[in-house]
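Colleague: Structure provided below as structure tokens; questions to follow.
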Amino acid sequence: GDSVTQMEGPVTLSEEAFLTINCTYTATGYPSLFWYVQYPGEGLQLLLKATKADDKGSNKGFEATYRKETTSFHLEKGSVQVSDSAVYFCALAPNYGGATNKLIFGTGTLLAVQP
Amino acid sequence: DGGITQSPKYLFRKEGQNVTLSCEQNLNHDAMYWYRQDPGQGLRLIYYSQIVNDFQKGDIAEGYSVSREKKESFPLTVTSAQKNPTAFYLCASSIVTGGSAGELFFGEGSRLTVL
């Protein structure tokens with residue numbers, strides 16, 4: 001079945017370091033891909049999304065490119081801040097008709113940014 | 001402001017008791033979802049509803065029940081049949097787009113602890 005695999009955390013970085021969180025997926029058809037962020041004690045918020053191959057989603061300095069050839073959607077940021085400390089979830093929405101809003105989530109990656 | 005309200009934020013339950021978690025949204029969204037979050041396991045779908053008076057089981061529905069009598073409300077009951085109910089529960093809603101996946105909007109979650 002469809003699934004998402006993302007790198008295990010925690011990822012610990014110093015402020016202004018470069019961030020990459022890897023995400024790969026398995027899906028039939030052409031899923032939409034998402035990154036959600038969860039700050040401590042809160043629910044999830046959509047960070048960015050891409051709905052077709054080669055699309056790049058971006059928001060708040062974060063970017064991710066939908067790579068169908070490698071089935072990947074890696075999250076990157078050029079210079080992280082302490083305020084970016086959170087758990088990041090990669091997710092996909094299968095696109096084979098019907099309930100396409102049933103997202104499948106990865107296990108989450110905790111990012112800790114130190115000053 | 002529009003959003004999703006979950007209550008209570010923290011809940012303690014004795015074994016053998018049923019508890020109901022509330023989820024209310026004023027976003028006028030058709031679809032609502034319940035997810036369970038456990039450390040290291042990401043989010044798993046319990047139930048979802050795309051229209052009033054209709055709902056579907058997700059991946060881990062055993063020991064849970066829901067109702068959808070109003071568009072704004074989607075309460076989740078954790079029954080005594082749920083063997084391991086201690087978890088963080090997240091409610092979400094979305095527009096039903098049909099042809100492509102839409103964004104999920106999440107509440108802040110309810111943490112249930114069984115004593």
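Colleague: Look at region A:1-45 and say how many of its residues are assigned to a loop (DSSP other than H, G, I, E, B) and among the small types (Gly, Ala, Ser).
Modeller: 6
Colleague: A:Gly41 passes all but one of (1) under 22 Å from A:Pro94 (Cβ atoms); (2) surrounded by fewer than 20 Cβ atoms within 10 Å (Cβ to Cβ); (3) modelled with pLDDT under 95; which number fails?
Modeller: (1)
Colleague: Does B:Leu90 qualify as being out of contact with any helix residue (DSSP H, G or I) (no Cβ under 7 Å at 6 or more places or on another chain) and more than 14 Å from chain A (Cβ to nearest Cβ)?
Modeller: Values: out of contact with any helix residue (DSSP H, G or I) (no Cβ under 7 Å at 6 or more places or on another chain): yes; more than 14 Å from chain A (Cβ to nearest Cβ): no.
Answer is no for this residue.
Colleague: Select from region B:61-79 the residues that are closer than 14 Å to B:Leu45 by Cα and of a type in the set (S, T, N, Q) and list them in ascending order.
Modeller: B:Ser65
Colleague: Which of the residues spanning region A:35-51 are at the interface with chain B (Cβ under 8 Å from one of its Cβ atoms) and in contact with an Asp or Glu (Cβ under 9 Å, 6 or more places away or on another chain)?
Modeller: Answer for region A:35-51, where residues must be at the interface with chain B (Cβ under 8 Å from one of its Cβ atoms) and in contact with an Asp or Glu (Cβ under 9 Å, 6 or more places away or on another chain): A:Gly41, A:Glu42, A:Gly43, A:Leu46, A:Lys49.
Colleague: Have a look at B:Glu69, B:Glu62 and point out the one that is out of contact with any Lys or Arg (no Cβ under 9 Å at 6 or more places or on another chain) and either more than 10 Å from chain A (Cβ to nearest Cβ) or touching a residue at least 40 places away in the same chain (Cβ under 8 Å) (or both).
Modeller: B:Glu69
Colleague: Among the listed residues B:Gln37, B:Gln50, B:Gln56, identify the single one that is assigned to a strand (DSSP E or B) and in contact with an Asp or Glu (Cβ under 8 Å, 6 or more places away or on another chain).
Modeller: The unique qualifying residue is B:Gln50.
Colleague: Can you name the residue in region A:57-93 that is in a helix (DSSP H, G or I) and in contact (Cβ under 8 Å) with a residue 40 or more places away in the chain and is also surrounded by the most Cβ atoms within 10 Å (Cβ to Cβ) among such residues?
Modeller: In this case the residue turns out to be A:Asp84.
Colleague: A further question on this structure: Filter region B:7-35 down to the residues that are charged (D, E, K, R) and within 11 Å of chain A (Cβ to nearest Cβ) and list them by number.
Modeller: If we filter region B:7-35 for residues that are charged (D, E, K, R), which is where we start, we get B:9, B:13-15, B:24, B:30.
Across region B:7-35, the qualifying residues are B:Lys9, B:Asp30.
The values are calculated or read from the model by the stated rules, or taken from the named source; none is laboratory data. For clarity, every value in this text was computed on a predicted model and none was experimentally measured. Methodologically, a virtual Cβ is constructed for each residue, glycine included, from the backbone with ideal geometry; neighbour enumeration extends over all protein chains shown.
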